[in-house]
Amino acid sequence: VGTEAVVSTQSTGFTLTYGLYGCSASQRLRQSDEVNKQLDKMGYNIGVRMIEDFLAHTPSAKRCTQFEEVADVICKQGFRMFLGIVPEVRNWNAAKDEFTLLLTENPLSEFVELPPNCADSLWYSNIICGVIRGALEMIQMEVKCTFIGDTLRGSDSTEIRVKFVKILEDSLPAGED
Amino acid sequence: VVSTQSTGSSGINAEYGETDMSQDEEFKLVYGMLYSLKSFVSRISPATSDSFQSYSTNNYKMSMYETPSGCKFVMNTAVEWSPQAVSEILHSLYKEVYVEFAVKNPLLNLQETIESELFKSKIETFINTRIREM
């Protein structure tokens, strides 16, 4: 009981902190578009470091050879480790390079209601897209990650579309060959 | 001597003295050599994916541990050290020192040489503890 209480205080704290940031960004930037971009950028910066934390604590994670494995690891290990949820992977396209993440619960938006002026345009949890993009880039995979639905905006479900773009090649730093 | 390098790898000379070139030159040399070796090793290998672990001379063994995110940890040890021991040490170094004190420090630019005294001292403590346990 003690540990559970601690964890839920921590995650509530995180939810509230994220909410405050979202609020202040909204007020400062005015346009939802800008806020969305800002959240994505923040997520990206978090993601490029978060991947190291993830890899250090998941030594069994090996190089994925299929994009399907990547999706699986993101949900079952990544999301679980950092947000305590396990999204579902859905709606693969024919080429198997695009899928949807269905979030049945979202700890970030636990206490949130979107005001009418941004209820159609703000992707409240856009930080998650940035995190996925940043983390995958550090393991040489370029992806596009966007929200396609959010229960905060009245959709039936909260969904993120992840599309594989390309493998990033290893390159020597400039000045060496 | 503890040293860290701009491409996110850290080189540690645990026992003997320093080499007679500047740290910068040494880093470039080591990095270039490891890059070539990695490429060579995987091309020659009969397996589909293989990676370079270490080389030994009469006097030392240089081992490398690379994470899937491209972070390389390089350590020189005595020749007798087993590859498993070194690999385990480097992985723990990654997990307990690099992730905790470098990655999680938002003030550190990981693309540049890491100057943080805290990070360096944590590495030293970690290595000294491990050496005593060997």
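The values are calculated or read from the model by the stated rules, or taken from the named source; none is laboratory data. Quick caveat, the model's predicted, so the values are computed rather than measured. So basically every Cβ, Gly included, is an ideal-geometry build from the backbone, and we count neighbours across all protein chains shown. Please note that ligands, DNA and RNA were not included when accessible areas were found on the heavy atoms of the full protein model with its side chains. Shrake-Rupley method; radii C 1.70, N 1.55, O 1.52, S 1.80 Å.
Going by the conditions given, is A:Lys41 open to solvent by 70 Å² or more (accessible area, probe 1.4 Å) and modelled with pLDDT of 90 or more? Before you say what the answer is, go through the steps one by one.
Details: open to solvent by 70 Å² or more (accessible area, probe 1.4 Å): yes; modelled with pLDDT of 90 or more: yes.
The answer is yes for A:Lys41.
Just to verify a result, which residue in the stretch B:53-79, among those that are within 14 Å of chain A (Cβ to nearest Cβ) and either assigned to a loop (DSSP other than H, G, I, E, B) or basic (Lys, Arg) (or both), is farthest from A:Cys64 (Cα to Cα)? Break it down stepwise before answering.
At the first step, the residues of the stretch B:53-79 found to be within 14 Å of chain A (Cβ to nearest Cβ) are B:65-73.
Narrowing further to those that are either assigned to a loop (DSSP other than H, G, I, E, B) or basic (Lys, Arg) (or both): B:67-72.
Working: B:Thr67: 13, B:Pro68: 10, B:Ser69: 12, B:Gly70: 15, B:Cys71: 17, B:Lys72: 19 Å.
Of everything passing the filter in the stretch B:53-79, B:Lys72 is farthest from A:Cys64 (Cα to Cα).
When you go through A:Asp72, A:Asp120 one by one, which is the residue that is in contact (Cβ under 8 Å) with a residue 24 or more places away in the chain and surrounded by fewer than 17 Cβ atoms within 10 Å (Cβ to Cβ)?
Working: A:Asp72 fails: in contact (Cβ under 8 Å) with a residue 24 or more places away in the chain.
Sole residue among the options that is in contact (Cβ under 8 Å) with a residue 24 or more places away in the chain and surrounded by fewer than 17 Cβ atoms within 10 Å (Cβ to Cβ): A:Asp120.
Please specify each residue of the stretch A:74-100 satisfying the condition of being more than 21 Å from B:Tyr98 (Cβ to Cβ), out of contact with any Lys or Arg (no Cβ under 6 Å at 6 or more places or on another chain) and among the hydrophobic types (A, V, I, L, M, F, W, C). So that I can check it myself, show each step before the final result.
Initially, the stretch A:74-100 is screened for residues more than 21 Å from B:Tyr98 (Cβ to Cβ), giving A:74-76, A:79-80, A:83-100.
Applying the additional criterion that residues be out of contact with any Lys or Arg (no Cβ under 6 Å at 6 or more places or on another chain) yields A:74-76, A:79-80, A:83-85, A:87-97, A:99.
A:Ile74, A:Cys75, A:Phe79, A:Leu83, A:Ile85, A:Val89, A:Trp92, A:Ala94, A:Ala95, A:Phe99, listed by residue number.
Residue check, B:Gln23 against (1) more than 14 Å from chain A (Cβ to nearest Cβ); (2) modelled with pLDDT of 90 or more; (3) surrounded by 12 or more Cβ atoms within 10 Å (Cβ to Cβ), all met but one. Which one?
(2)
Tally up the residues in the stretch A:21-31 that are hydroxyl-bearing (Ser, Thr, Tyr) and either surrounded by 20 or more Cβ atoms within 10 Å (Cβ to Cβ) or farther than 19 Å from A:Ala119 by Cβ (or both), please.
As a first pass, look at the stretch A:21-31 and keep what is hydroxyl-bearing (Ser, Thr, Tyr): A:21, A:24, A:26.
Applying the additional criterion that residues be either surrounded by 20 or more Cβ atoms within 10 Å (Cβ to Cβ) or farther than 19 Å from A:Ala119 by Cβ (or both) yields A:26.
Residues in the stretch A:21-31 being hydroxyl-bearing (Ser, Thr, Tyr) and either surrounded by 20 or more Cβ atoms within 10 Å (Cβ to Cβ) or farther than 19 Å from A:Ala119 by Cβ (or both): 1 in total.
Failed condition for A:Phe99, given (1) within 29 Å of B:Asn109 (Cα to Cα); (2) crowded, with 16+ Cβ neighbours inside 10 Å, with all others met?
Failed condition: (1).
Take the stretch B:31-52 and flag every residue that is more than 13 Å from every other protein chain (Cβ to nearest Cβ), surrounded by 15 or more Cβ atoms within 10 Å (Cβ to Cβ) and over 18 Å from A:Arg63 (Cα atoms).
B:Leu37
Taking the stretch A:134-172 on its own, how many of its residues are more than 14 Å from chain B (Cβ to nearest Cβ) and either surrounded by 15 or more Cβ atoms within 10 Å (Cβ to Cβ) or on the phi < 0 side of the Ramachandran plot (or both)? Break it down stepwise before answering.
Step one: list which residues in the stretch A:134-172 are more than 14 Å from chain B (Cβ to nearest Cβ), which gives A:142-166.
Next cut, either surrounded by 15 or more Cβ atoms within 10 Å (Cβ to Cβ) or on the phi < 0 side of the Ramachandran plot (or both) only: A:142-153, A:155-166.
Within the stretch A:134-172, residues that are more than 14 Å from chain B (Cβ to nearest Cβ) and either surrounded by 15 or more Cβ atoms within 10 Å (Cβ to Cβ) or on the phi < 0 side of the Ramachandran plot (or both) number 24.
For the stretch A:84-98, indicate whether the set of residues that are within 24 Å of B:Ser49 (Cβ to Cβ), of a type in the set (Lys, Arg) and more than 14 Å from every other protein chain (Cβ to nearest Cβ) is non-empty.
yes
Please determine whether any residue of the stretch A:46-64 is surrounded by fewer than 16 Cβ atoms within 10 Å (Cβ to Cβ) and in a helix (DSSP H, G or I).
yes
For the stretch B:67-122, what are the residues that are among the hydroxyl-bearing types (Ser, Thr, Tyr), open to solvent by 40 Å² or more (accessible area, probe 1.4 Å) and within 26 Å of A:Ser60 (Cα to Cα)?
Going through the stretch B:67-122, the residues among the hydroxyl-bearing types (Ser, Thr, Tyr) turn out to be B:67, B:69, B:77, B:82, B:87, B:92, B:94, B:98, B:113, B:116, B:121.
This time we only want the ones that are open to solvent by 40 Å² or more (accessible area, probe 1.4 Å), so: B:82, B:87, B:113, B:121.
Scanning the stretch B:67-122 gives B:Ser82, B:Ser87.
For the stretch B:32-85, give me each residue that is of a type in the set (Gly, Ala, Ser) and in contact with a helix residue (DSSP H, G or I) (Cβ under 8 Å, 6 or more places away or on another chain).
The first filter runs over the stretch B:32-85 and keeps only residues of a type in the set (Gly, Ala, Ser), leaving B:32, B:36, B:39, B:42, B:45, B:47, B:49, B:51, B:54, B:56, B:63, B:69-70, B:78, B:82, B:85.
Passing the criteria: B:Ser49, B:Ser51, B:Ser54, B:Ser63, B:Ser69, B:Gly70.
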